[in-house]
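Trainee: Let me give you the structure first, and then I'll get to my questions.
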Amino acid sequence: MNKTIQATLGAVLLSVGIAVGAPAGKPNIVFIFSDDHSIQTIGAYNSRLSEFCRQQQVTPNIDRLAAAGALFPNSFCGNSLCSPSRASVLTGLHSGSNGVTNLGQPVRQGAWMYPAAVRAAGYQTAAFGKWHLGDTPANTDYWRLFPGQGNYWNPSVIGPNGEEKLTGYATDLLTDLSLGWLKQRDKNKPFMLLLHHKAPHRPWEPPTRYYNWLSSVTIPEPPTLFDDHAGRGTPAHTQKMEIGRDMVLSSDLKVRQAGKGEQSAEFDASYGARNTAFEKAHLEGQALTRWKYQEYMKDYLRCIKAVDDSVGRVCDYLKAEGLEENTIVIYAADQGFYNGEHGWFDKRWIYEESIHMPLIVKWPGVVKPGSRPTPLVQNIDYAPTFVEMAGGKVPEGLHGRSLVPLLRGETPADWRKSIYYHYYDPGHGVTKHYGVRTERFTLANFYPVKEWELYDLEKNPQQMRSVHGDPAYATTVTELTAELERLRKQFEAGFDPQAPAAPPQRKGKKNKK
Ligand code: CA
């Protein structure tokens, strides 16, 4: 069979979702999934720090994927937290249905998960790194997964023979393990590699080679670094995720810390002088917040730079082995992250910086290089997408739908016009809430405090003022409230907003609006 006929046949089989054995034309799939990587800090995104990231070469390899493939500007999670987002990726279901509403919980017993379906489609599969779903199995042929969150330095990994302690830096070790597995694979079968980095998750510990990188650079501050949260409801005033007040000098910012293990000499040489200068400066108030912002962001970007190196190493291997043209490479992160916007770090909210998930897909011969599909996509779409890419069988009843048509440049007429969101964890003092995000609006119900918020993203993209009580938006409130009810019925039948216990609330300023 010549290559053109084979490619055409492969495309036809994929487009009708027929499960076939393992023809040579089946694409390999590499899914590189990082943790807490914001769209603001990817050069290829048109976001707050994108230009800075391009100038400083923070994400050159990720940017190359975006240039050669599709970047989704409207990609979202459904519950902005590590474990819940990962469970939605695995199951194609929202948190309330897959059982993972909170950190470290296992996926509901008996739930369908995509790795088994990809395997059943004839793929050899492996998973490395952060899983963070209790005892949920990887369902892959080979796996080395962190227990819980995993550590940046000298992490332990769990495999079929139990726990093993590795020596070195997590991002590099996971890349080594991935490439090692690829080298010994059965070359007669297509493969799917899940490379799930811990970085750039808190506490943002970079590799030694980047300890001094960016040290003399000033990271642009967000205009909202000193946001007083007026114009928003009680929840924005009772959170505990402010850089100035809540970020920890020792564990987060490495002040009064000494280096550990084999990286100690480099750590002390790089951070020691900085720490001495910091102690002498006796910073307070806004000056202290500014210092914390700079140092937090530098370590965060250093961790990202190492993730980008990992992307580069994997892509280089694919190219060297002649696999580049027949391998799909996906880069994504489990949710967005605050990089000082509104004075915050962390995630959790339905608000923009938190709900956005980076998603970039390079698929030679299928995705038009440099394409930017604008429909609203969500983490629940990954599982059916991967299974369709592998020519496997997508089950009925998933909440998400395959992105393959969008990747081919076609938007189905009935594609979703709104996405559903529900955050259940009271961590960082963030009030539980559910809501709906459309192309233009965000509507949220912070049910423990019985407060609603509405943001007009066209007129107020930074979400500084809720217009829920503004009569000019009365019709919008009615329509979106009905849409939210429809989504709740679809995705969370039986959910009682009064049932969960309200998180402890600190006394805060009330929304004056
Ligand atoms: Ca995360």
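Trainee: Give the number of residues within segment 23-43 that are without any contact (Cβ under 8 Å) to a residue 60 or more places away in the chain and touching a Lys or Arg at 6+ places or on another chain (Cβ under 9 Å).
Mentor: As a first pass, look at segment 23-43 and keep what is without any contact (Cβ under 8 Å) to a residue 60 or more places away in the chain: 23-24, 43.
Subsequent filtering for residues that are touching a Lys or Arg at 6+ places or on another chain (Cβ under 9 Å) retains 43.
Number satisfying all stated conditions: 1.
Trainee: Then there is this: Could we say that E295 is crowded, with 20+ Cβ neighbours inside 10 Å, assigned to a helix (DSSP H, G or I) and acidic (D, E) here? Show your work before the answer.
Mentor: Working: crowded, with 20+ Cβ neighbours inside 10 Å: yes; assigned to a helix (DSSP H, G or I): yes; acidic (D, E): yes.
So E295 fits the description; yes.
Trainee: I would also like to ask the following. Out of segment 355-391, which residues are assigned to a loop (DSSP other than H, G, I, E, B) and hydroxyl-bearing (S, T, Y)? Before you say what the answer is, go through the steps one by one.
Mentor: So the first thing to find is which residues in segment 355-391 are assigned to a loop (DSSP other than H, G, I, E, B), and the list is 357-358, 363-370, 372-376, 390-391.
Residue satisfying the conditions is T374 alone.
Trainee: So, one more: Select from segment 54-90 the residues that are in contact with a Leu (Cβ under 8 Å, 6 or more places away or on another chain) and more than 16 Å from the ligand (Cβ to nearest atom) and list them in ascending order.
Mentor: Residues satisfying the conditions are Q56, V58, A70, L71, F72, N74.
Trainee: Considering only helices (runs of 4 or more DSSP H) fully contained in segment 1-101, which possess at least 3 residues that are modelled with pLDDT of 95 or more, within 13 Å of the chain's Cα centre (by Cα) and under 20 Å from R202 (Cβ atoms)?
Mentor: Working: elements: 3-15, 50-56, 60-68, 82-91, 95-98.
Here the list reads 82-91.
Trainee: Hey, another quick one. Collect the residues in segment 407-437 that are touching a residue at least 24 places away in the same chain (Cβ under 8 Å), of a type in the set (G, A, S) and surrounded by fewer than 22 Cβ atoms within 10 Å (Cβ to Cβ), keeping them in residue-number order. Steps first, please.
Mentor: We begin by selecting, within segment 407-437, every residue touching a residue at least 24 places away in the same chain (Cβ under 8 Å); these are 407-409, 411, 415-437.
The next check asks that each one be of a type in the set (G, A, S); those that pass are 409, 418, 427, 429, 435.
Matches in segment 407-437: G409, S418, G427, G429.
Trainee: Can you pull out the residues in segment 336-351 that are within 12 Å of the ligand (Cβ to nearest atom) and out of contact with any strand residue (DSSP E or B) (no Cβ under 8 Å at 6 or more places or on another chain)? It would help to see each step written out before you state the result.
Mentor: The first filter runs over segment 336-351 and keeps only residues within 12 Å of the ligand (Cβ to nearest atom), leaving 336-337, 346-348.
Result: F337, D346, K347.
Trainee: A further question follows. Would you point out which residue out of T374, T385 is without any contact (Cβ under 8 Å) to a residue 40 or more places away in the chain and in the same structural domain as W131 (by TED's automatic domain parsing)? If you could, list the steps in order and put the result at the bottom.
Mentor: Working: T374 fails: without any contact (Cβ under 8 Å) to a residue 40 or more places away in the chain.
Testing whether each residue is without any contact (Cβ under 8 Å) to a residue 40 or more places away in the chain and in the same structural domain as W131 (by TED's automatic domain parsing) leaves just T385.
Trainee: Follow-up question, since we're still on this one. So which of Q184, Q105 is closer than 30 Å to K489 by Cα and without any contact (Cβ under 8 Å) to a residue 40 or more places away in the chain? Walk me through how you get there before you give the answer.
Mentor: Details: Q184 fails: closer than 30 Å to K489 by Cα.
Going through Q184, Q105 in turn, just one is closer than 30 Å to K489 by Cα and without any contact (Cβ under 8 Å) to a residue 40 or more places away in the chain: Q105.
Trainee: Given the criterion over 15 Å from the mean Cα position of the chain (by Cα) and hydroxyl-bearing (S, T, Y), identify the matching residue among S354, S310. Please lay out each step first, then the result.
Mentor: Values: S354 fails: over 15 Å from the mean Cα position of the chain (by Cα).
The match here is S310.
Trainee: Right, Y114: crowded, with 22+ Cβ neighbours inside 10 Å and either in contact (Cβ under 8 Å) with a residue 12 or more places away in the chain or outside the structural domain of H37 (by TED's automatic domain parsing) (or both) or not?
Mentor: Values: crowded, with 22+ Cβ neighbours inside 10 Å: yes; either in contact (Cβ under 8 Å) with a residue 12 or more places away in the chain or outside the structural domain of H37 (by TED's automatic domain parsing) (or both): yes.
Against the criterion (crowded, with 22+ Cβ neighbours inside 10 Å and either in contact (Cβ under 8 Å) with a residue 12 or more places away in the chain or outside the structural domain of H37 (by TED's automatic domain parsing) (or both)), Y114 qualifies.
Trainee: Give the residue that is surrounded by the most Cβ atoms within 10 Å (Cβ to Cβ), with candidates limited to residues of segment 128-157 that are more than 21 Å from W112 (Cα to Cα) and hydroxyl-bearing (S, T, Y).
Mentor: Among those residues, the one meeting the criterion is Y152.
Trainee: Residue pairs, Cβ under 6 Å, 6 or more apart or interchain, first in segment 132-146 and under 24 Å from A199 (Cβ atoms), second among the hydroxyl-bearing types (S, T, Y) and modelled with pLDDT of 95 or more. List them.
Mentor: Matching pairs, first to second residue: H132/S83; L133/S83; T140/T125.
Trainee: Exactly one condition in (1) surrounded by fewer than 23 Cβ atoms within 10 Å (Cβ to Cβ); (2) more than 16 Å from the ligand (Cβ to nearest atom); (3) within 18 Å of the chain's Cα centre (by Cα) is false for G104; which is it?
Mentor: Tallying (1) surrounded by fewer than 23 Cβ atoms within 10 Å (Cβ to Cβ); (2) more than 16 Å from the ligand (Cβ to nearest atom); (3) within 18 Å of the chain's Cα centre (by Cα), G104 fails exactly one: (2).
Trainee: Could you name every one of the helices (runs of 4 or more DSSP H) located completely within segment 221-290 that has at least 1 residues being closer than 23 Å to Q40 by Cα? Don't jump to the end; show me each part of the working.
Mentor: Numbers: elements: 234-238, 243-246, 264-281.
Here the list reads 234-238, 243-246.
Trainee: Next up: Hey, can you tell me all the residues within segment 392-427 that are modelled with pLDDT of 95 or more and in a helix (DSSP H, G or I)?
Mentor: Of everything in segment 392-427, those that are modelled with pLDDT of 95 or more and in a helix (DSSP H, G or I) turn out to be V404, P405, L406, L407.
The values are calculated or read from the model by the stated rules, or taken from the named source; none is laboratory data. Keep in mind it's a predicted model, so treat the numbers as computed, not measured. Reconstructed Cβ throughout: ideal geometry from the backbone, glycine too, with neighbour counts over all protein chains shown.
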